[in-house]
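Structure record follows, encoded as structure tokens.
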Amino acid sequence: MRNLKLLKSLGSSELQGLGSPQRFCVRADSGSLLVASQFSITEFEPRTGQVVCEASLTADGFLPEDGSGVVVGLQDLAELQSACLATAGGDVVLFNLNTNQLECVGSVDSGLTSMSWSPDEELVVLTTQETIIMMTKDFEPITEVGIHQDDFKFITVGWGKKETQFHGSEGKQAAQRKTQQVQPAVAWDDRRPRVTWRGDGQLFAISAICPQTRKVRVWNREGVLQTTSEPINGLEQALCWPSGNLITSTQRHPNKHSVVFMEKNGLLHGDFTLPLSRDQAKVKELLWNNDSTVLTVWLEDLTAGEDGHVNTYQLWTVGNYHWYLKQSLDFGRDPQKAPVHVCWDPERPLRLHVVTYNWTCFAYDWGWTTERSPGVDGSDHAGVAVIDGKVLVTTFRQSVVPPPMCSFELQLKSPVNQVTFLHRPKGTNQIAAFTVDGQISVFSQFPVPQDEPLALRQLLWLQDELFLAVSSGLLPTSSTLLILHADQDAGDTLAVSRVEVDGVVVSVVHSSQTGTVAFQLEDGQIRKLLWEYLLGLTDRSHLYAGDTENIHLFQLASNVCSFAVCDDFLLISTHSHTCRCLQLSTLTVKLQAALASDGGQNDETLRRVERGSRIVTVVPQDTRVVLQMPRGNLETVHHRALVLAQLRKWLDLRFREAFECMRKLRINLNLIYDHNPKVFLENIETFITQLNSINSINLFLTELEEDTSCSMYPRPDSGPAQTQPTQKKVDVVCDALRSAMESMDPNFCLSVLTAHVKKTVPELEIALQKVHELRDPPEAPGSVSAEEALKYLLFLVNVNDLYEHSLGTYDFDLVLMVAEKSQKLQDPKEYLPFLNMLKSLEPNYQRYTIDKHLKRYRKALVHLTKCGEEHFPEVLSLVKEQKLYSEALRLYAADSPQFKFLSCGYAEHLMEQQQAEQAGLLLWRCGEPVRALQAFTISSSWRNTICVAQQIPLPPDQLALLARDLAKLTEQRRYSEAALLLDQYAKIYMHNRQDITETNLKPALLEVNSQMGFLEAQVATFARHRNRLAVVREQKEKARLDMLGPDCPDAELYSEASSMMTASKYSQSNSRISRSSKNRRKAERKKLSLKEGSPMEDRALMHALGEILTTVDKMREIHSLLKALVLFQFDKQAEKLQLAYEETLQAVEAAVPEVWPEGPQVTGPNSTANSIMASFQQQQRPAASQQAETPAAPKMRNGVKWKLSILK
């Protein structure tokens, strides 16, 4: 859905000569024109208006001096630095462009009618009226054959008579149809053979009169005839063969005039109709541009007036099997302004050259563009206008109409050359068209004076009666800006104001948001009427952005085939078959890096598209992007970046629109919460009210999972990070929705059940209880019955799990209700005997049996302990089987015999687990000192052993023997403890003061709360320093980027090097001033100040965090305190202390990678010579200075065992 937009036009009338031009061609290397007339050949540079060289063709007798000579062919030969010219008299002449000499390389006595060189300039074909002469580039003959070959005939393979063959939809009547007689060529046919080469130079075709009608014959490079076409009624003289398999010509039908395509075997293969009546005009020539995308049809009006014929050039393109009339050039009836010859530029595919009889040279440069409405709000219809002689308009906001169809057409009296939308807010759906007769039509017409074809280009509609356009300037290197506004004297005419511009304007843009206009010159400069940021795409697929301050262009990407701007987004399609959507606010080096990257799995900016896809338009305030495929069909996609941007706007309070969009486009519904948890929780009732659908709420609940804003849909860099609640997300959302729904409307029963079931630990028992409660009250209008609720619950939960959880409620009515609805338990014989057995049991034992059946052994233990002492053997058995010693000890008093039995059993279990010391603690406190003594002796816990021995008490001789046995500590390299044991064991316990335990030891142990407070203070201080360190680092990084700029590849290393250098100088200066170690330590403390804003605050924070981490790590000696607490029956205090220290230890260990990150990578694909050298110099610095500059992470003693397993 692209149009040809005239970028610039150059008209040069400086060239003058005798006679009139007859042929011209373009030099590929210099771009100058070679023009041949009846008298001379001239090389002319249209940019400067200068004649480079000239040679007379009459001086050496190549053409007659009376001006009756005719040049039938002219070709630039770049390899030979010459031009080859053929005359009707039969001479073939080489014009040396370096020496300006003419040389006749051959002559044909019968005269020549045409000359055509192959695309590779290796062969040349010369024709007379009857003969084809093929020669090499050195003009050595290859073959000479007649044009009319009688020996080549179609071959029949004997498939029966025509009457017996299958004729398709035409039926049997086709067999009796008589062959129509082919009409002779039209009267105005010049009767000359036409030669055209295929784009690859392997074949060439000749159209010639044979005998009265034209036939097309195809020859190969050796001059061997390949095919001859059947006689085609109405076939005309024009002939052209592009870089494809179809030969192009024209055909006149009784009721229409067509451009037809033939295969190389001469059979017709498609056509399109010219917008002409039968005898209105003749087609003089057909020309394809060098990439075969644009077909030029040269028409000459047959209805000659008093002032001559009208010559018109039409430019046609094809898309989706439809031919579009994109441009029309009308040269009027003045014979002197009529074109003599036309050709496409050999280097630039969209540059057309025209030379007229009065020696005026024109060069037109077009570019591909998509005319889309410039609106940015919801009132814009996202219209796209396509030129096809008329204007085809498609409004993509309402519907996607595939081309060549459209939403509506704008029919005009003359062909349309340009179309533009009104660049005014709320009026961007209005269209203006500029036609070939100089009219600007906006539902009414404004005549615009023009003296030549395509006088206006780059037409923009700025206001109701204000247009801006560009025309050629007074000089070839200048342009004129035309401001067309309403004439006060003539209401239907536009007055023209002109502004001369020094340079050729090739592009003009306007912003309807700011009212700014800027234009670009041919040399790349950007000028402004009013200024703003610009984006531009070159014909070499380079995307550039303009700097508003310095009028500087920088390249963003080099593989872009189309782009569009929508809201704050830049959308581009690339030659690597992707569509990228990037925020314009990141038009920096970050954008260049994003365009260069392939994108990750969850990169929302990238979308794979079909090969060759181009962006047609983006619907404003929507998520739809319309792409056109190479074959012409349209596809509408919802780009993920646009969808997420729109959703982030809606998710602040418009939950209904966001939910519907997410369901339609398959966006994970977790984003509703993850986008802004605080806003969602504060407006939970608004969310429920807007959705107002149980199914929608249930769908949202069932899709809840982890935070998608970190993994699936990362937040944009510009968006603020949201603080997450400390609880699990799924539980928070389920509880909030459940409480809101219960307070709003009882009809949300099914959603409440979903909230219970979806929690991290499903609350199936509560859900079942709510289902059971639905049986009791009378049904309210619209309420859900118990049966429906149970069916829904069975849909969410596995039937076996639901049955077991219903059994766990100990409500047999509920169990029966679930069993009856279960398809798996349809036979009552499967569950009734078991339920009847349970009903016959004592309540506590009944619950114990149920819990044991459900493998809920802890609950079973609680209920079993309530059944009486007669069931204690079962308690012991259950505890030993399931290792529930700690849980069982909590259920009995410390002075009970059950507690003693359980303690002894637990001690035996610990002995088996090689934890003899903890086993000894349990035996000692339950009154088994002898067995405790054995356990302590095995564990080499000599202090506990001596204490137990003193408590028994052991005789002195046995005590001495025990001490000698314990002295084996030397084997464990505990020499000092062994010496102390042998020397003073008797003196330590000689006083036997048992009262000290009650008066001093136990009160001291109960001060464990001080340890808890100390841990809490350490955690709070650690968190405060950690958060402050993150802020300081962010501020320093921002300051670094502001100072060095983001485009410096070694900015990070330069920053590190400068920081280290500064710290080193600071340290050296202090060392010179401060001579004593005391002063040096004082200077170090001053340098590492925790005061906010100090130069070395980040180093000070790291040092303080390291001290906290070391202090917490040293507290692993808390193991002794835990043992003492357990020994004196302070189990609860010991559990609290162990849990608090474990949480503290985990918190500080988890922060180590953040506080002390690993150093930068020295080598790798992104490293430079400067970065490697800076890293090497950093490593060569003394270790002491490095430690002073950046504190290292303290080492944790993870190998020290401090936990008590009996407290788990």
Inset, instruction - Could you compute the FRET efficiency for Thr293 and Gln1035, with r as their C-beta to C-beta distance and R0 at 51 Å, rounded to 0.05? - result: 0.35
Inset, instruction - For Glu65 and Thr689, compute 0.36 nm times the residue count separating them, minus their Cα-Cα distance, and round to one decimal in nm. - result: 215.0 nm
Inset, instruction - Calculate the dipole size of region 635-684 relative to its Cα centre from +1 charges on Lys and Arg beta carbons and -1 charges on Asp and Glu beta carbons; express the result in debye to the nearest 20. - result: 60 debye
Legend entry - Over region 219-291: Kirkwood hydrodynamic radius from C-alpha pairwise inverse distances, Å: 13.2 Å
Legend entry - Gain in span if fully extended, Glu1142 to Arg715, counting 0.36 nm per residue against the direct Cα distance: 150.3 nm
Inset, instruction - Treat every Asp and Glu Cβ in region 265-363 as -1 and every Lys and Arg Cβ as +1, leave all other atoms uncharged, and give the resulting dipole magnitude about the Cα centre to the nearest 20 debye. - result: 160 debye
Inset, instruction - Mind giving me the nanometre distance, one decimal, between the label points for Asn320 and Glu1154, set 7 Å out from Cα along Cα→Cβ? - result: 5.5 nm
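What does the charge dipole of region 312-361 about its Cα centre add up to, to the nearest 20 debye, if the Cβ of each Lys and Arg holds +1 and the Cβ of each Asp and Glu holds -1?
60 debye
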Legend entry - Spin-label pair Leu18/His269, simplified geometry with 7 Å Cα→Cβ offset, distance in nm: 4.9 nm
Inset, instruction - Kindly state, to the nearest 0.05, the FRET efficiency for Val637 paired with Asp603, given R0 = 22 Å and r defined as their beta-carbon distance. - result: 0.90
Legend entry - Positive-end residue of His638, Thr617, Phe659, charge dipole of region 595-690 with Cβ unit charges: Thr617
Inset, instruction - Kindly list the residues of region 737-776 that lie in the label zone of Glu703, defined by a backbone N under 14 Å from the point 7 Å along the Cα-to-C-beta vector. - result: none
Legend entry - Separation between Cα centres of region 1101-1135 and region 615-692, rounded to whole Å: 52 Å
Legend entry - Label point distance in nm, Val499-Phe795, each placed 7 Å from Cα along Cα→Cβ: 6.7 nm
Inset, instruction - Pull out the extension gain between Ala1023 and Gln202, defined as 0.36 nm times the separation in residues minus the alpha carbon to alpha carbon distance; nm, one decimal. - result: 287.6 nm
Inset, instruction - Using R₀ = 30 Å, calculate the FRET efficiency as 1/(1 + (r/R₀)^6) where r is the Cβ-Cβ separation of Asp334 and Trp188; round to 0.05. - result: 0.90
Legend entry - Neighbourhood charge, 15 Å Cβ-Cβ cut-off, centred on Ala238 and excluding it, Lys, Arg +1 and Asp, Glu -1: +2
Inset, instruction - Using the structure shown, list the pairs from Lys1091/Lys1114; Lys284/Lys413; Lys284/Lys390; Lys1038/Lys1114; Lys859/Lys1114 with a Cα-Cα distance above 30 Å, or answer none. - result: Lys1038/Lys1114; Lys859/Lys1114
Inset, instruction - Could you tally the net charge around His853, taking each other residue with its Cβ under 13 Å from the Cβ of His853, Lys/Arg +1 and Asp/Glu -1? - result: +3
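Where a number appears in this text, it was derived from the coordinates with a stated rule and is not lab data. Values in this document were obtained by computation on a predicted structure and should not be read as measured data. FYI the Cβ positions are ideal-geometry reconstructions off the backbone, even for glycines, and counts take in every protein chain you see.
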